[in-house]
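**Q** Before I ask anything, here is the structure I am working with.
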Amino acid sequence: MATLAIDPRLGSHTAEFASSKHQMLINGKFVSAKSGKTFPVYNPADGEVICHVPEAEAADVDLAVNAARQAFDTGPWSKMSPSSRGQLLWKLAELIEKHTDEFAELESLDNGKPVSVARVADVPLAVDLFRYMGGWTTKILGSTIPLSAGIDFHSYTMREPIGVVAQIIPWNFPLLMAAWKLGPALAAGCTVVLKLAEQTPLSGLRLAQLIQEAGFPAGVVNVLTGFGEGAGAPLAAHDLVDKVAFTGSTDVGKLIAKAATGNLKKVTLELGGKSPAIIFPDADLSSAIAGAASAIFFNQGQCCCAGSRLFAHESIFDQVVEGVSNIAGKIKIGPGLDPTTELGPLVSEEQFERVSGFIRSGKEQGAKINAGGNRSGDRGYFVQPTVITEAKSGMKVVDEEIFGPVVVAQRFSTDADLEKLAAQANDSIFGLAASIWTKDISIAHKMARRIKAGTVWINCHNVFDAALPFGGYKQSGWGREMGAEVLNNYTEVKAVTVKL
């Protein structure tokens with residue numbers, strides 16, 4: 001607890017919550033793990049233990065799933081009007097907004113991200129998501145269908161909630177990812193068992209308290225803390241779960257898909273990426289350089305859609321690399337709770353070793369480090385913003401997702417037409433996002449058509465909104481988050497035909 005006691009930047013409410021006894025939410029009650037086991041949560045800025053949280057296992061998962069099943073099948077949730085569900089989502093949004101500073105500090109404390117960023121991005125986006133989805137509860141509609149069989153039939157469709165949903169979220173945007181998952185599921189009328197990332201459970205546990213305060217009936221939302229093997233695996237495989245929604249790595253996503261085959265539950269996956277940022281010679285270079293730097297260094301590069309592959313035309317390549325490298329060298333690195341910090345630590349020692357290993361691999365395979373490439377400081381999990389050049393396809397830094405503040409810059413030539421450039425950008429197992437930087441609107445739209453990714457930004461990167469669908473092609477996942485599209489993940493279509 002020393003970390004909390006000595007950091008005057010932490011608000012009193014946040015310190016009180018973080019240092020309190022933590023319990024999981026199951027069937028409307030806060031409970032410890034049945035085994036009594038707990039595990040530590042670490043502050044990535046200094047490696048110190050913040051607190052301990054329950055370690056859920058199969059028995060806890062079973063309790064949570066059965067609670068969600070009962071709430072869906074016979075509880076008040078299934079009888080509640082769509083309007084009433086919407087009012088609960090709006091109430092939850094209001095409560096989160098009321099506690100904005102506390103949530104921003106919690107995100108910074110156990111994730112490491114700058115508190116200034118969490119305050120203006122993570123928390124407001126979560127609030128907006130719940131409000132947006134609250135508006136959808138009364139607008140999930142079916143349709144009437146004229147049949148070719150004749151007018152003596154009346155046919156229509158209904159959209160019904162899919163049932164009990166298992167949701168497993170990652171550690172890079174803990175509160176926001178909880179919102180992305182819970183919002184549409186609850187709007188559709190599903191009940192949920194939410195498994196928090198073991199590295200960053202604090203904001204999710206605080207959210208569970210607000211869910212209770214908002215008045216959600218018992219069993220509608222159940223919140224577990226635990227590890228993938230002990231809690232995530234039995235949750236994904238549980239026979240009473242109708243659907244699994246997972247955000248995380250592609251490798252774990254494949255395991256989730258396999259686990260779901262037992263009862264053929266529905267699955268949506270938001271997975272990894274190796275997103276290209278493509279700068280054409282006519283682009284506004286000051287904007288493009290700043291945008292490319294933000295695309296990779298935002299959130300310490302721990303974004304599935306980070307612009308980790310930078311393509312610049314050969315005529316401007318040196319200028320772009322120099323510009324991004326200069327920005328990298330000036331970024332203020334420090335603890336997330338320092339309001340002047342621009343880049344915090346990576347989330348964990350494991351992630352620090354992973355990212356550092358990629359940088360070492362690049363050096364060993366002949367790539368050039370133009371900026372960064374080293375640890376920052378001697379305490380905590382800080383990695384310098386890193387710019388790599390002279391890397392080729394086949395190198396790990398080019399082909400694999402690093403998930404850290406590391407960008408690989410490659411040039412494209414004057415004689416490379418759009419088809420060749422798009423093929424180069426698409427040369428990846430992933431297809432989550434891309435950004436295109438040009439003043440030529442024709443090139444922008446032509447490239448947007450050719451890029452195989454779920455999101456294409458033009459002259460911007462990392463622009464999100466609750467109304468915009470987000471998800472990937474290829475091994476970046478199945479289905480979409482946010483927007484009207486996400487409601488398809490949580491509803492079943494029923495066709496009804498009446499002979500008149």
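The values are calculated or read from the model by the stated rules, or taken from the named source; none is laboratory data. Being a predicted model, the structure only gives us computed values, none of them experimental. All Cβ positions, even for glycine, are placed from backbone atoms using ideal geometry, and neighbour counts span all protein chains on display. Heads up: the accessible areas ignore ligands, DNA and RNA and are worked out on the full protein's heavy atoms, side chains in. Shrake-Rupley method; radii C 1.70, N 1.55, O 1.52, S 1.80 Å.
**Q** Of the listed peptides 196-209, 383-396, what is their order by residue-averaged count of other C-beta atoms within 10 Å, with the highest listed first? Mind dumping the intermediate values first?
**A** Working: 196-209: 24.7, 383-396: 20.1.
Output ranking for 196-209, 383-396: 196-209, 383-396.
**Q** Can I ask one more? Report the extension gain between Phe30 and Asp101 in nm, rounded to one decimal, defined as 0.36 nm multiplied by the number of residues separating them, less their alpha carbon distance.
**A** Values: separation 71, 0.36 × 71 = 25.56 nm, distance 2.38 nm.
Full extension of this stretch gives 23.2 nm more.
**Q** How long are the semi-axes of the equivalent ellipsoid of region 107-201, taking √(5λ) for every eigenvalue λ of the Cα gyration tensor, in whole Å from largest down?
**A** Working: eigenvalues 306, 43, 14 Å².
Ellipsoid half-lengths, sorted descending, are 39, 15, 8 Å.
**Q** Averaging sequence separations of C-alpha pairs under 8 Å and six or more residues apart, then dividing by the length of region 51-195, give the relative contact order as a whole percent. It would help to have the intermediate numbers written out before the result.
**A** Working: 176 pairs, mean separation 41.9, N = 145.
Over region 51-195, the number comes to 29 percent.
**Q** Related question: Considering only protein heavy atoms and a 1.4 Å probe, what is the carbon-and-sulfur percentage of the accessible area of region 125-276?
**A** On the way: 2880 of 4850 Å².
Exposed carbon and sulfur together represent 59 percent of the surface.
**Q** Take the Cα of Ser361, step 7 Å along the line toward its Cβ, and report every residue of region 293-313 whose backbone nitrogen sits under 19 Å from that point.
**A** 301-310
**Q** Give me the percent relative contact order of the chain, please, defined on Cα pairs under 8 angstrom at least 6 residues apart.
**A** Values: 1160 pairs, mean separation 88.9, N = 500.
Computed over the chain, the figure is 18 percent.
**Q** Taking the solvent-accessible surface of protein heavy atoms with a 1.4 Å probe, what is the per residue accessible area of the chain in Å²? Each step should come with its number before you reach the end.
**A** On the way: 19840 Å² over 500 residues.
Ligands and nucleic acids excluded, the result is 40 Å² per residue.
**Q** Strictly greater than 21 Å: what percent of every Cα pair in region 295-446 meets that? Write down the numbers at each step before the final one.
**A** Numbers: 5131 of 11476 pairs.
Counting pairs separated by more than 21 Å, the tail of P(r) holds 45 percent.
**Q** Moving on to the next point. Which whole-Hz ³J(HN,Hα) couplings does region 383-388 yield from phi under the Karplus relation 6.51 cos²θ - 1.76 cosθ + 1.60, θ = phi - 60°, glycine and proline marked x?
**A** Whole-Hz 3J(HN,Hα) from phi for region 383-388: 10, 5, x, 10, 10, 10.
**Q** At R0 = 45 Å, how high is the FRET efficiency between Arg449 and Asn263 if r is their beta carbon distance? Nearest 0.05 is fine. Can you show the working numbers first?
**A** Numbers: r = 39 Å, r/R0 = 0.87.
Step by step, r from the Cβ atoms, then E = 0.70.
**Q** For the pair Phe153/Lys21, report the inter-label distance in nm, with labels modelled 7 Å from Cα in the Cβ direction.
**A** 6.2 nm
**Q** Another question, then. Convex hull over the Cα atoms of region 437-500, averaged projected area in nm²? Don't skip to the end; give the middle numbers.
**A** Details: hull surface 29.2 nm².
The directionally averaged projection comes out at 7.3 nm².
**Q** Given the rule -39500 (n - 2.57) for each run of at least 4 DSSP H residues, summed and divided by the residues of the chain, what is its mean residue ellipticity at 222 nm, to the nearest 500 deg cm²/dmol?
**A** On the way: 17 runs with 183 residues, N = 500.
It lands at -11000 deg cm²/dmol.
**Q** Return, for the Cα atoms of region 274-369, the radius of gyration and Dmax in Å, separated by a comma.
**A** Gyration radius and largest Cα-Cα distance of region 274-369: 14.3, 42 Å.
**Q** Related question: Using only alpha carbon pairs under 8 Å that are at least six residues apart, calculate the relative contact order of region 263-414 and give it in whole percent.
**A** On the way: 285 pairs, mean separation 42.2, N = 152.
Relative contact order comes out at 28 percent.
**Q** What number comes out for the charge environment of Glu342, summing +1 per Lys or Arg and -1 per Asp or Glu over other residues with Cβ under 12 Å away?
**A** Result for the local shell: +2.
**Q** Let me ask something else. Test of the criteria: in region 70-165, which trypsin sites (Lys or Arg not before Pro) are in a DSSP loop and have at most 11 other Cβ atoms within 10 angstrom of their Cβ?
**A** Numbers: sites: Lys79, Arg85, Lys91, Lys98, Arg119, Arg131, Lys139, Arg159; in loops: Lys139.
Listed in order of number, the matching sites are Lys139.
**Q** Among Leu235, Ser361, Phe317, whose Cα lies farthest out toward the positive end of the dipole of the chain, if unit charges sit on the beta carbon of Lys, Arg (+1) and Asp, Glu (-1)?
**A** Ranked along the dipole, the leading option is Leu235.
**Q** FRET efficiency for Val463 and Ile441, Cβ-Cβ distance as r, R0 = 22 Å, nearest 0.05?
**A** Numbers: r = 18 Å, r/R0 = 0.80.
With a Förster radius of 22 Å, E is 0.80.
**Q** Quick one: Cα centre-to-centre distance for region 455-480 and region 24-97, in angstrom?
**A** One Cα centre to the other: 28 Å.
**Q** Give me the base-10 log of I(q)/I(0) for region 85-136 at each q in 0.16, 0.17, 0.32 Å⁻¹, Debye formula, one uniform scatterer per Cα, rounded to two decimals.
**A** Values returned for q = 0.16, 0.17, 0.32 Å⁻¹ are -0.44, -0.49, -1.09.
**Q** Please list 173-186, 427-440 highest first by mean number of surrounding beta-carbon atoms within 10 Å per residue.
**A** Values: 173-186: 27.2, 427-440: 22.4.
Result, highest mean Cβ count within 10 Å first: 173-186, 427-440.
**Q** How big is region 376-500 along each principal axis, measuring the range of its Cα positions in Å and listing the largest first?
**A** 72, 47, 28
**Q** Under a plain spin-label model, where a point goes 7 Å from the Cα along Cα-to-Cβ, how far apart in nm are Gln212 and Ala58?
**A** With each label placed 7 Å out from Cα toward Cβ, I get 2.9 nm.
**Q** Also, I was wondering about something else. For region 1-131, compute Rg over Rh where Rg is the Cα radius of gyration and Rh is the Kirkwood radius from the inverse mean 1/r over Cα pairs. Mind dumping the intermediate values first?
**A** On the way: Rg = 17.4 Å, Rh = 17.0 Å.
Ratio of gyration radius to Kirkwood radius for region 1-131: 1.02.
**Q** Hey, with R₀ at 35 Å, roughly what FRET efficiency would Ser83 and His13 work out to, going by the Cβ-Cβ distance, to 0.05?
**A** Working: r = 32 Å, r/R0 = 0.92.
Between Ser83 and His13 the formula returns 0.60.
**Q** How large, in percent, is the carbon and sulfur part of the accessible surface of region 420-463 at a probe radius of 1.4 Å?
**A** Working: 1060 of 2020 Å².
Carbon and sulfur together cover 52 percent of it.
**Q** Could you tell me which of the pairs Lys274/Lys392; Lys37/Lys254; Lys113/Lys332; Lys420/Lys452 are separated by over 18 angstrom between their Cα atoms in the structure shown?
**A** Details: Lys274/Lys392 15 Å; Lys37/Lys254 28 Å; Lys113/Lys332 13 Å; Lys420/Lys452 13 Å.
Where the Cα-Cα span goes over 18 Å, the pairs concerned are Lys37/Lys254.
**Q** Quickly work out the Lys332-to-Lys396 label distance, labels modelled 7 Å from Cα along the C-beta direction, and quote it in nm with one decimal.
**A** In this crude label model, Lys396 to Lys332 measures out at 3.4 nm.
**Q** Kindly rank 358-366, 57-65 from highest to lowest mean number of other beta carbons found within 10 Å of each residue.
**A** Details: 358-366: 16.4, 57-65: 21.1.
By packing density, highest mean first, the sequence is 57-65, 358-366.
**Q** So, one more: The chain: percent of C-alpha pairs farther apart than 30 Å?
**A** 48 percent
**Q** Based only on Cα atoms, what mean projected area does the convex hull of region 382-427 have, in nm²?
**A** Numbers: hull surface 15.2 nm².
Computed as one quarter of the Cα hull surface, the answer is 3.8 nm².
**Q** Rounded if a/c is under 1.5, else prolate if a/b beats b/c, else oblate: with a ≥ b ≥ c from the C-alpha gyration tensor eigenvalues square-rooted, which is region 8-47?
**A** Note, shape of region 8-47 comes out oblate.
**Q** Moving on. Is the shape of region 160-271 rounded, prolate or oblate, going by the alpha carbon gyration tensor and its root eigenvalues a ≥ b ≥ c, with a/c under 1.5 for rounded and a/b larger than b/c for prolate? Don't jump to the answer; show the numbers that get you there.
**A** On the way: a/c = 1.73, a/b = 1.19, b/c = 1.45.
It comes out oblate by the Cα gyration axes.
**Q** Please get the size of the charge dipole for the chain, origin at its Cα centre, with Cβ charges of +1 on Lys and Arg and -1 on Asp and Glu, quoted in debye to the nearest 20. Each step should come with its number before you reach the end.
**A** Numbers: 46 positive and 52 negative charges, 216 e Å.
Using Cβ point charges on Lys, Arg, Asp and Glu, the chain gives about 1040 debye.
**Q** Which order do Tyr473, Tyr132, Tyr381 take by accessible area at a 1.4 Å probe, largest first? Walk me through the numbers before you get to the answer.
**A** Working: Tyr473 100, Tyr132 60, Tyr381 30 Å².
Descending accessible area places them as Tyr473, Tyr132, Tyr381.
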